[in-house]
Amino acid sequence: DAGVIQSPRHEVTEMGQEVTLRCKPISGHNSLFWYRQTMMRGLELLIYFNNNVPIDDSGMPEDRFSAKMPNASFSTLKIQPSEPRDSAVYFCASKVTGVNTEAFFGQGTRLTVV
Amino acid sequence: TQLLEQSPQFLSIQEGENLTVYCNSSSVFSSLQWYRQEPGEGPVLLVTVVTGGEVKKLKRLTFQFGDARKDSSLHITAAQPGDTGLYLCAGAIGTYKYIFGTGTRLKVLA
């Protein structure tokens with residue numbers, strides 16, 4: 001298996017533009033997570049999907065952020081409009097639902113908003 | 001707010017030395033995981049500890065979960081340059097949510 005695939009790996013955009021990050025989870029995994037990592041705040045959970053349904057979006061910073069999972073093999077995280085403080089590395093992770101099952105992370109998307 | 005503090009924040013040591021990284025919280029966790037993250041990559045799971053007082057070994061790495069399930073330690077024996085990376089602990093809240101620690105950045109010099 002190729003693992004969790006994220007695209008793009010790097011994104012540089014101007015403030016105010018829309019940004020869409022993409023994730024393909026590992027086949028057979030029915031839990032999907034979006035995280036954000038910064039030096040100041042570390043790794044933070046943004047949203048959790050189970051069987052394509054958003055279960056917990058309490059970590060989504062504000063209305064500018066939205067996430068979808070239209071099917072079991074694809075998810076997007078959209079920021080509109082983007083701001084410089086959104087600059088971070090965004091990770092997608094997937095796992096088989098269950099307590100203490102292993103989550104597999106993608107390589108991340110490094111977002112820079114200028 | 002649940003918080004996981006890791007110490008030290010940074011550590012630079014010579015190859016062959018031993019080290020211990022700590023992960024502390026005032027909250028009780030149902031389980032705790034340790035990850036290693038290399039530059040440009042996502043975190044990779046090393047171990048999950050579940051029972052208070054549990055000790056797990058992974059080659060030269062020894063992981064311990066505190067008796068009260070509020071803290072954990074990672075001990076590396078005879079560190080090697082390949083051990084270099086960011087070490088993260090993560091405490092489980094409920095069935096799916098993990099709170100990640102502040103991280104320990106380790107550099108092992110050859």
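Quick note: the coordinates plus some simple rules give every number you see, no bench work behind them. Quick caveat: nothing in here was measured; it's all calculated off a predicted structure. As a convention, Cβ positions derive from the backbone with ideal geometry for all residues, glycine included, and neighbour counts pool all protein chains shown.
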Practice problem: Any chance you could tell me what percent of the C-alpha pair distances in the protein assembly as shown go past 20 Å? | Solution: 59
Quiz item: Structure shown: which of B:LYS59/B:LYS97; A:LYS95/B:LYS97; A:LYS95/B:LYS59; A:LYS24/A:LYS68; A:LYS24/A:LYS95 lie over 18 Å apart, alpha-carbon to alpha-carbon?
Solution: B:LYS59/B:LYS97; A:LYS95/B:LYS59
Practice problem: Mind sorting B:LEU86, B:LEU74 by how few other Cβ atoms lie within 10 Å of their own Cβ, fewest first? | Solution: B:LEU86, B:LEU74
Quiz prompt | segment A:41-56 - phi-based ³J(HN,Hα) in whole Hz, Karplus 6.51/-1.76/1.60, Gly and Pro as x | solution = 10, x, 9, 10, 6, 8, 7, 10, 10, 10, 6, 6, 9, x, 9, 9
Quiz prompt | For residues of B:19-26, the mean tally of beta carbons on other chains within 10 Å | solution = 0
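Which order results if B:PHE63, B:PHE29, A:PHE104 are arranged by neighbouring Cβ count within 10 Å, fewest first?
Values: B:PHE63 23, B:PHE29 26, A:PHE104 19.
Arranged by neighbour count, lowest to highest, B:PHE63, B:PHE29, A:PHE104 become A:PHE104, B:PHE63, B:PHE29.
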Quiz prompt | Volume of the Cα convex hull of chain A, divided per residue and given in Å³ | solution = 96
Quiz prompt | segment B:1-75-segment A:45-114 distance, computed between alpha-carbon centres (Å) | solution = 25
Quiz item: Farthest toward the dipole's positive end in chain B, which of B:LEU86, B:GLY103, B:TRP34, given Cβ charges of +1 (Lys, Arg) and -1 (Asp, Glu) about the Cα centre?
Solution: B:TRP34
Practice problem: Give me B:LEU19, B:LEU106 ranked fewest to most by other Cβ atoms within 10 Å of their Cβ, as a rough exposure proxy. | Solution: B:LEU19, B:LEU106
Quiz item: Assuming R0 = 35 Å, what is the FRET efficiency of A:ARG22 and A:ASN100, from their Cβ-Cβ distance, to the nearest 0.05?
Solution: 0.80
Quiz item: Taking every pair of alpha-carbon atoms in segment A:43-109, what share in percent sits in each 5 Å bin, from 0 to the bin with the longest distance?
Solution: 3, 14, 25, 29, 17, 7, 3, 0
Quiz prompt | Phi-based couplings in Hz for segment A:19-30 (Karplus 6.51, -1.76, 1.60; Gly and Pro marked x) | solution = 10, 10, 9, 10, 8, 10, x, 5, 4, x, 7, 10
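Using the Cα centre of the protein assembly as shown as the reference point, and only Cβ charges (+1 on K/R, -1 on D/E), how large is the resulting charge dipole? Debye, rounded to the nearest 20. Provide the component values of the computation, followed by the final result.
Details: 21 positive and 21 negative charges, 65 e Å.
Magnitude of the dipole: close to 320 debye.
Taking segment A:1-93, which trypsin sites (Lys or Arg not before Pro) meet the DSSP loop condition and have no more than 15 other C-beta atoms within 10 Å?
Details: sites: A:ARG9, A:ARG22, A:ARG36, A:ARG41, A:ARG64, A:LYS68, A:LYS78, A:ARG85; in loops: A:ARG9, A:ARG41, A:ARG64.
Loop-located and lightly packed - A:ARG9, A:ARG41, A:ARG64.
Work out the mean other chain Cβ neighbour count within 10 Å for the residues of A:94-102 and drop it here as an integer.
3
Less than 14 Å Cβ to Cβ from A:THR97, Lys/Arg counted +1 and Asp/Glu -1: what total charge do the surrounding residues give? List each step's numbers first, then the result.
Values: positive: A:LYS95, B:LYS97; negative: A:ASP56, A:GLU102.
Net local charge, A:THR97 excluded: 0.
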Quiz item: Ordered by residue, what ³J(HN,Hα) values in Hz, to whole numbers, does segment A:67-79 give under the Karplus form 6.51 cos²θ - 1.76 cosθ + 1.60, where θ = phi - 60° and Gly and Pro are x?
Solution: 9, 9, 9, x, 7, 5, 10, 7, 9, 10, 10, 10, 10
Quiz item: Hey, how much of the P(r) for chain B falls beyond 21 Å, as a percent of Cα pairs?
Solution: 30
Exercise. Could you work out the mean count of beta carbons from other protein chains within 10 Å of each residue's beta carbon in B:38-50?
Key: 4
Quiz prompt | Principal axis dimensions, segment B:65-110 - Cα atoms, whole angstrom, descending | solution = 41, 21, 15
Quiz item: Taking the Cα centre of the protein assembly as shown as the origin and placing charges on Cβ (Lys, Arg +1; Asp, Glu -1), which of A:SER58, A:SER75, A:THR101 is farthest toward the positive end of the dipole?
Solution: A:THR101
